[in-house]
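Q: Take this structure, written in structure tokens, and hold onto it; I'll ask about it next.
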Amino acid sequence: MAAYSMSWFNFGGMRMAKKNRLTQVAEKIGTTIGRADRQARKVAKARSIAKQELEDISKQVEALKRQLQKTTKRLKLALR
């Protein structure tokens, strides 16, 4: 008997090629790229949310500054 591997197998009446090493590596690369892309999208979304929250906090700080200035002005006038 000769030692060889079949490169074709019967699948549902159709002859199909087995996955070779190159195809398996290509699938792994595609999977890895897909995972990296999903992670990048999650990071971008988190960045966007954090940026919006920072803008909201900045607006609140500015409002508190104005309120403090008004209160300080009123207190100085009352102490005269």
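Nothing in this text is a laboratory measurement; each read-out follows from the coordinates by a stated rule. Keep in mind that what you see is a predicted model, and the values were worked out from it rather than measured. Virtual Cβ from ideal backbone geometry, glycine too; neighbours counted across all protein chains shown.
Q: In nanometres, what is the gap between the two model label sites at residue 78 and residue 31, each 7 Å from Cα along Cα-to-Cβ?
A: Here the answer is 7.0 nm between the modelled labels.
Q: So what's the range 16-78 giving for Cα Rg divided by 2.2 N^0.38 Å, two decimals?
A: Against the empirical 2.2 N^0.38 Å value, I get 2.56 for the range 16-78.
Q: Another one. Per residue of the range 52-58, in order, report the coupling 6.51 cos²θ - 1.76 cosθ + 1.60 (Karplus, θ = phi - 60°) as ³J(HN,Hα) in whole Hz, putting x for Gly and Pro.
A: Once θ is set to phi - 60°, the couplings for the range 52-58 become 5, 5, 5, 5, 5, 5, 4 Hz.
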